[in-house]
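Working notes for the structure below.
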Amino acid sequence: GTECPQYRDCYVTKMRQRAAESDVVIVNHHLLCADASVRQSTYGEVIPDCHYTVVDEAHQLEDVATQYFGIAVSNYRVADLVRDAERAVNLGEVADEDSTLRHQIAHIDEHSHAFFGSLQMARHSRPSTQSWDHGPNPSLRTGGFEERLRIGPDWFGDIVDQGLALETSLDTFADSMQRKAGTEEAGAQINEDAATLSRRAAELRDHLRFLLEASDPGFVYFLETRNRGVFLRAAPIDVSAIIREMLFDRMRATVMTSATLTVEGSFEYVKGRLGVPDAESLRVPSEFDFSQQALLYLPRKMPSPKSPEFADAVAREVYELVTRSQGRAFVLFTSYSMLRSVRDRIERELPYPMLVQGSAPRTVLLDQFRSTPHAVLFATSSFWQGVDVVGEQLSCVVIDKLPFASPGDPITAARIEAILNDGGDAFQDYQVPLAILAMLQGLGRLIRHRTDRGVLAVLDPRLRTMNYGRRFLDSFPPAPITYDLESVRRFFSS
């Protein structure tokens, strides 16, 4: 803070000063929600006070808010506290004459290893409160983790004792740091390092207690693992009231924009999810002429996505499409398993350079795709949105399946339950609209400029065979539809 000798010259300090003096400040959703979360905790602010907000890509706001207004305790978070506490003691920033603090820090570290180690083992031996397929990327909105396991207050069993031991050690350390911090009333100078460590330990203690109780009906609780990280999380089931209170109500006006805010031409779904049913809405025509710039291909005969033959059929269609587009394609999958399955079937036959998600960082793959003539990129969730390739280099986008979020994902499952408990139709009112918006993001990778042309292909037969397929088609860009590969060839030849 201000006690730092380099405070005035610090890059962060200067950026905050520039922001405070500016008329317009541009941040991403994460920083916007981080600011609201910090204000909620009364720690201060990240973004200067303002009266008007423009939220672009507003379809992402619910997911980001779910992350930021949730609660999480992980082995990484405890390790960070231990490391910073050890540094403060070793550097003499916090006095430890009788080594009491060192013992307390060691106890936190020991209890943390025991607790999170037991959680790691228990995820294999104890069933989830809801059974589901722990795929590496079960939904487009929750990628990056290895496994999520929904839990309740009875799930912990005897592990709760180890959690309570960690909670107690954090409480003891927080009290010690509070005493070390001193008080102005006592005439002592406040030790900022000790005060900060005390606040962190106390907040960690409170969060751990909340997670171990796992009893607030407004939250869904789950265990998440990612590489060596073990995370206990609680996510709010409905963030609409939180978003309204922490973001919208602070502003004189908020404008939310996105190319994917409507389902079947209506804003009602997004309004409901964000808690702004009375918001004024305006839908403007696209600047693109999809009737001339795009062609939507739906194959006539495809097996059910649940069929063992589906991967073979997808591989066959991808080969035919990519051959006609001469590469220059994104092939987007809803799961890594299908990506790998189709890749294994097609990579030896495909006469074009193939790039596969996971073989290099996302930015590197994008640069390679842009610079490699006739390249084909196989990818999953992270390439469905926020990717911009203008021109002929991207002339075809193929999507294997309708991107329904897994009903076994803890957050999705809890929201489905909430809608059902309120007497709603979770599938039609939540799962289908959510999948439509995700699909529109994927299809939106193709036409990025008024001169772009290309083919959109969706290989899922449910677009034609299920009643809800019409809702998808009514939400798609108004491109001509074909069921014939010969029409695709003629489109690329014209």
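The values are calculated or read from the model by the stated rules, or taken from the named source; none is laboratory data. Note that the structure is a prediction, hence the values are computed from the model and not measured. A quick note on method: Cβ atoms are made from the backbone with ideal geometry, for glycine too, and the neighbour counts reach across all protein chains shown. Note: accessible area is taken over every heavy atom of the protein model, side chains too, but ligands, DNA and RNA are not part of it. Shrake-Rupley method; radii C 1.70, N 1.55, O 1.52, S 1.80 Å.
Worth a mention:
- Computed from the Cβ-Cβ distance with R0 of 60 Å, the FRET efficiency linking GLU287 to GLU97 stands at 0.30.
- Where THR196, THR482 fall by accessible area, highest first, once all protein chains stay in place (1.4 Å): THR196, THR482
- Separation in nanometres of the label points that stand 7 Å from Cα toward Cβ, at CYS10 and GLN120: 3.4
- Here the accessible area is traced with a 1.4 Å probe on the protein chains. For the chain, carbon and sulfur cover 49 percent of it.
- Think of each Lys and Arg Cβ as +1 and each Asp and Glu Cβ as -1; about the Cα centre, that makes the dipole of the chain roughly 2180 debye.
- Annotation: for a label point projected 7 angstrom from Cα along Cα→Cβ of TYR52, residues of the range 256-285 with backbone N closer than 20 Å are 256-258, 279-284.
- The Cα atoms of the range 359-494 cover 52, 36, 24 Å along the three principal axes, with the biggest extent listed first.
- Per residue, the chain exposes 50 Å² of accessible surface when a 1.4 Å probe is rolled over the protein heavy atoms with every protein chain present.
- Spatially, the range 450-494 and the range 379-408 are offset by 15 Å when compared through their Cα centroids.
- For the range 3-116: relative contact order, % (alpha-carbon pairs under 8 angstrom, 6 or more apart): 19
- Here the range 1-42 is assigned +1 on the Cβ of each Lys and Arg and -1 on the Cβ of each Asp and Glu. Its dipole about the Cα centre then comes out at about 40 debye.
- Cross-link partners for LYS301 among the lysines, with Cα-Cα distance under 20 Å and sequence neighbours closer than 8 places in the same chain left out: LYS401.
- Neighbourhood net charge (14 Å Cβ-Cβ; Lys/Arg +1, Asp/Glu -1) for GLY424: -4
- Listed candidates (i) 48, 27, 19; (ii) 52, 23, 21; (iii) 46, 26, 23 - label of the one calculated as semi-axes √(5λ) of the Cα gyration tensor in Å: (iii)
- MRE, 222 nm, helices only [DSSP H, n ≥ 4, -39500 (n - 2.57), over the chain, to nearest 500]: -13500 deg cm²/dmol
- For the peptides 21-30, 84-93, 440-449, the ranking by mean Cβ contacts within 10 Å, running from highest to lowest, is 440-449, 84-93, 21-30.
- In terms of the mean number of neighbouring beta-carbon atoms within 10 Å, the peptides 106-118, 245-257 order highest first as 106-118, 245-257.
- Modelled spin labels at GLU392 and TYR352, positioned 7 Å past Cα toward Cβ, are 1.3 nm from each other.
- Between GLU192 and ALA253, the modelled label-to-label distance comes to 4.0 nm, taking each label 7 Å out from Cα in the direction of the beta carbon.
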